[in-house]
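Chemist: Starting off with a structure, shown below.
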Amino acid sequence: MWPPELPLVLLAVCAVGVALSALLLMIARRRPLSAGVTLLLVAPLTTAAILVSQDMLSYRNLAVEQHLATVFVTEQPGEGFNLRLDIDGQAMPYSFPIYGDEWRLEARILRWDTALARLGLHNLVRLERLSGRYRDPQRESIALRSVHPLPSDEWLDSWNFISGQRFIWRWVEVEFGNGVYAPLRDGAVYSVYLGRSGMYLKPKNPIAIKALRDWSA
């Protein structure tokens, strides 16, 4: 694929600089003056390239998107909607009946300190429940509700294990609840992501794009 991705370019530049420096060190035994002068030019440039690469890639880690789940909406005439939830890392999708005008996905998030995030450590997220909601607050209080807890397929609950270790919390920036919601529209497909500031979603087909456009109008 061309052009190559930034990490590959930076890695190649650093590798060439290190290899050239090593070669000049070997040549310095035979031609100490010319090799030494060239090494004085190459070594600082190689060091600078390594430092800049590390810094650029670490900031890239802070901005990386972590895909969490995909939501498929299907209308059941006279019975509300059915939502299929495909969670990344879980083999089987979930299917739930949902009532209302919108669906809502909620989670708990543990966000690492910036220094750890820059090293590429992803935030921890645990999806907890899926529910329906109504845009009208009065209708919300009297209409048929739907709330579904999301089970975990993990043999070992990593969230409980990590949150129970006191020393971990010196590297945790914040733990908070977070959620996303979007219109219920037959045929709509949404993708849910986790970014540095929390969960967010993107429409994945024209139906979802139109639903969000009409919803925000």
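Chemist: Could you give the length gained on full extension between Leu20 and Lys202, defined as 0.36 nm per residue of separation minus the Cα-Cα distance, in nm?
Modeler: Residue separation times 0.36 nm, minus the Cα-Cα distance, leaves 61.0 nm.
Chemist: Oh, and also: Going highest first, how would you order 138-144, 200-206, 96-102 by mean Cβ packing within 10 Å?
Modeler: Packing proxy ranking, top to bottom: 96-102, 200-206, 138-144.
Chemist: Between Asp214 and Ala12, how high is the FRET efficiency from 1/(1 + (r/R0)^6) when r is the Cβ-Cβ distance and R₀ = 45 Å? Nearest 0.05.
Modeler: According to the calculation, E is roughly 0.45.
Readers should treat all values here as calculations from the given coordinates under stated rules, not as data from a laboratory. All figures in this text were calculated on a predicted structure; none of them were measured in a lab. Positions of Cβ are generated from backbone atoms using ideal geometry, with glycine treated the same way; all protein chains shown enter the neighbour counts.
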